[in-house]
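Take a look at the structure set out below.
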Amino acid sequence: MGKTLNIAPITRIEGHASVAIHLDDTGNVSDAKMHVLSLRGFEQFVIGRPVEEVPRIVTRICGICPWQHHLASNKAADECLGVELPPTGRKLRELCQMMAYIPDKILHFYFLAAPDFVLGPDADYSVRNVVGIIGANPELAKKVVHMRYKAQMMLEKFSGKVIHPIAGVVGGFSKPLLEEERKEILAGIQELKDFSIFTIKFAREEVFPKYLDAVKILGVFPSGYLGTVRPSDGALELYDGELRLMDQNGNYDQFKYSEYMDYIGEHTEPWSYLKFPYAKKWGQLKLDENDPVGVYRANTLARINVCDKMATPLAQEELDIFRKAFGRPTHLTLLYHWARLIELVQCCERAEELLNDPEITGREYRAKNIEPRAGEGVGCVEAARGTLIHHYKTDDNGMVTMANLIVGTTHNNAPMNLSVKQAAKALIKDGKYDQGILNRVEMAIRAYDP
Amino acid sequence: MTKVTVAEEWLNACAGCEIAILNVGDVLVDLLVNNLDFVHIPVILDKKYFGQTGEEKELSIPEAVVGIVSGGVRNEEHKEVLLEMRKKCQILIALGTCATDGGIPAMINMYTEEELKQFYYKDSPTTDPAEYPTEHIPPLLDNCYALDEIVKVDLSLPGCPPHPDWIAGAILSLLDGKTDYKMPERSVCDACPTIREYKKSMADIKRLYYEAEFDPEKPLSDMRCLLEQGLMCLGPVTHVGCGGTKGAPRCISARVPCRGCYGPIRKGAKPLVDYMGAMASVGFDPAKMPDRRGYLARFAGAHGVLKKIG
């Protein structure tokens, strides 16, 4: 008789999910699914709220990427109320997004992903974690903790609150950046840039090469990709631009945020609370890892695949190395980790550019004379896990009447399921499995995390 | 010295509390190496509920001296995990406002499950209408609950997220053998340096699309109280602590009004009623406040505070 392995909870990810691996009589995998176990209901409980309050509510969708939700929501609210942002307000928001990304990517690489690579996927769970990393390389671990902390605290000091931010407001930003603050942050960013360059070199020279065999097979399947690009030259954008949806062969559609409904549909399966977005134009969603239909991925690897170039020079050098090795698009799931570090370099460089822009310390940081009105807005930004789409409608009093949200993890629901299925089928044969094998299945999910 | 065993869980949560734990900063490395032994913490440790190969039938969490739980209780699995944590941990800490008061996700208590699912699975403009999922997923509860509505809680650290000062304070106090760590029961206003004139400005009640009046070159102590400026600041009815043991309230530092993320000042407080008094005391007509429940119970919808509109 067959049996089910219930891997719960999925660990070293942000969020709640479990994996059920179904084995047939011969001990081979008949099916494997990732179940998302709850439904919080943000789309429902923002109804009736004043739209300018929503950016202070939807932050709680994710404690790791609250800035991205805060900013996507602010953009949608601006549009509902018909507000044009002064350039300084726009740039302060983008600066905060870059600054929020930096500690996030450091956290994910060293604390969540690295245990699998540095200590190895077969290490016992009691050491395969951040404490194990500290034991294996205490000097580097201390540096990592310090750099991440420094990045968080810089943003907190300037913006008031780093986890669940408040400083983005309808019309722009709640306060200006003073000259002495600018200088202090710039010095910190330069230090973080050096650390980021150290990190990507360390990763591509000492960490990834040992696991290239795993990279080539684990959780791999062909899919499409969704990301944001700069309309003028197709460069990778994290804060603002147009959406680009690429198929598995590299052909793409590019569209404005407000057109998202023409390209993305959402499907429901009976075994997960989370819906399954799919690319509408490619046909009805088919969750088959050998012949997927409609499946696209979001998050770092997707952005690196859809972009024509990076937006900053050192990140571009890294993209050249990456593309030379893996081509475009590449479907190797574990490369999410590598792509994440290329973006880390761009975030540091872009933050530096913004801090050297004279407009950043301007005093027109927020639009004036905003009035409530009936309206509609779609606000997007790229979050660690993927594109955030916040779509609101308001009544005459500026109260929310409709909210449709498609967020990072949701885009990746179908691909995470396919990666799990692919990994489980490839790794579990004739009833043979152990902790290390099951951890490798989870590694296929971890790649998609922030 | 022997390490203290700790188990940590997140329920109807966002991971912000766990990031706040990391924001304890450089001290954390020493604590992890010398003082704390995490036996279960899904965000960083691969300890599983059903055995490491997923073959056991009963959910199990290892025994620990200290249990930390973030998030409220929204589905059957959260409840099962919380009961197991209570059973296995000597001291249970509710971390964050979701755990202590329901937090933002408890705003769902204003709506029925049918309303929620009707939009999410049928009416959403991008969704192909479908039957609601039911297989291999835990049923939702009728409400989102705070932890103390389900089990006994020994120590409460509210905040969205809790300031690292309080997290470190509680941990160090427990390591010292003390189990009665408590945050001060005061309001955000008690930690707020802005100028109060105890009278109303000429303005009417203002929503968040109005900017506060302030001089960015000058400190907070030169800015007029935001409530007196008419900005519906929830400081008077909100638990102090967002700025840590010494700092100014965080929203005020960003020159925006408080929205109550540390929950009510004390257990059993009625922010919906108390705030009316605070508004009246500076001369505003509370009846003119829009979306009262959405402002005043935004973080405190558990304990029956928010009910179905129906």
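Each value in this text was obtained by applying a stated rule to the coordinates, not by laboratory testing. What you see is a predicted model; the values in this text were computed from it and never measured. Don't worry about glycine lacking a Cβ; one is built from the backbone with ideal geometry, like all the others, and counts go over all protein chains shown.
Worth pointing out:
- Relative contact order (%) - criterion: Cα under 8 Å, at least six apart; region: chain B: 19 percent
- Put the Cα centre of region A:47-114 next to the Cα centre of region B:52-130 and the gap is 25 Å.
- Exposure proxy ranking, count of Cβ atoms within 10 Å, fewest first, for A:Met153, A:Met99, B:Met223: A:Met153, B:Met223, A:Met99
- The protection proxy used here, the mean number of other Cβ atoms lying within 10 Å of each residue, ranks peptides B:2-10, B:191-199 as follows, highest first: B:2-10, B:191-199.
- When DSSP beta bridges are restricted to pairs lying wholly in chain B, around 15% turn out antiparallel.
- Per-residue Cβ neighbour counts within 10 Å put B:Asp128, B:Asp190 in the sequence B:Asp190, B:Asp128, beginning with the fewest.
- Within 10 Å of the Cβ of each residue in A:262-273, the mean number of Cβ atoms contributed by other protein chains is 5.
- Residue-averaged beta-carbon neighbours from other chains (10 angstrom radius) around A:170-177: 4
- Test item: Cα-centred dipole of the protein assembly as shown, Lys/Arg +1 and Asp/Glu -1 on Cβ, debye: 920 debye
- Peptide A:152-158 is shielded by partner chain Cβ atoms: per residue, an average of 2 of them sit within 10 Å of its Cβ.
- With contacts taken as Cα pairs under 8 Å and at least 6 residues apart, region A:101-225 reaches a relative contact order of 20 percent.
- Those aspartates and glutamates that a straight Cα-Cα span of less than 15 Å connects to A:Lys183, excepting residues fewer than 8 apart in one chain: A:Glu191, A:Glu352, A:Glu353, A:Asp357, A:Glu359
- Top of B:Met289, B:Met279, B:Met232 by mean-square fluctuation, Gaussian network on chain B, Cα under 10 Å: B:Met289
- Kirkwood Rh (inverse of mean 1/r, distinct Cα pairs), region A:311-450, angstrom: 19.2 Å
- For chain A, the membrane-span-like helix rule (DSSP H, alpha carbon extent of at least 15 Å along the helix axis, mean Kyte-Doolittle at least -1.0) picks out A:87-107, A:138-159, A:179-202, A:313-326, A:336-355, A:413-427, A:435-446; this says nothing about an actual membrane.
- With the helix formula -39500 (n - 2.57) applied to DSSP H stretches of n ≥ 4, chain A reaches a computed 222 nm mean residue ellipticity of -12000 deg cm²/dmol.
- For the peptides A:101-107, B:134-140, A:398-404, the ranking by packing is A:101-107, A:398-404, B:134-140, with the highest mean count of neighbouring Cβ atoms within 10 Å listed first.
- The GluC sites (Glu not before Pro) of region A:144-222 include none that DSSP puts in a loop with a beta carbon having at most 12 other beta carbons within 10 Å.
- Of the peptides A:309-315, A:221-227, A:370-376, the order by per-residue mean of other Cβ atoms within 10 Å, starting with the highest, comes out as A:221-227, A:309-315, A:370-376.
- Each DSSP beta bridge with both residues in the protein assembly as shown is either parallel or antiparallel, and the antiparallel ones are about 70%.
- Dipole of region A:304-435 computed with +1 at Lys/Arg Cβ and -1 at Asp/Glu Cβ about the Cα centre; of A:Gln316, A:Tyr392, A:Leu405, farthest Cα towards the positive end is A:Leu405.
- Region A:384-450-region A:115-137 distance, computed between alpha-carbon centres (Å): 24 Å
- Kirkwood hydrodynamic radius over Cα pairs of chain A, then Stokes diffusion coefficient at 20 °C and 1.002 mPa s, in µm²/s: 96 µm²/s
- Among the trypsin sites (Lys or Arg not before Pro) found in region A:318-364, those both in a DSSP coil and sparsely packed, with 14 or fewer other Cβ atoms within 10 Å of their Cβ, are A:Arg363.
- Candidate aspartates and glutamates for bridging to A:Lys210, where Cα separation is under 20 Å - those fewer than 8 sequence places away on the same chain excluded: A:Asp116, A:Asp122, A:Asp124, A:Glu318, A:Glu442
- Each part reduced to its alpha carbon centroid, region A:319-347 and region A:1-29 end up 29 Å apart.
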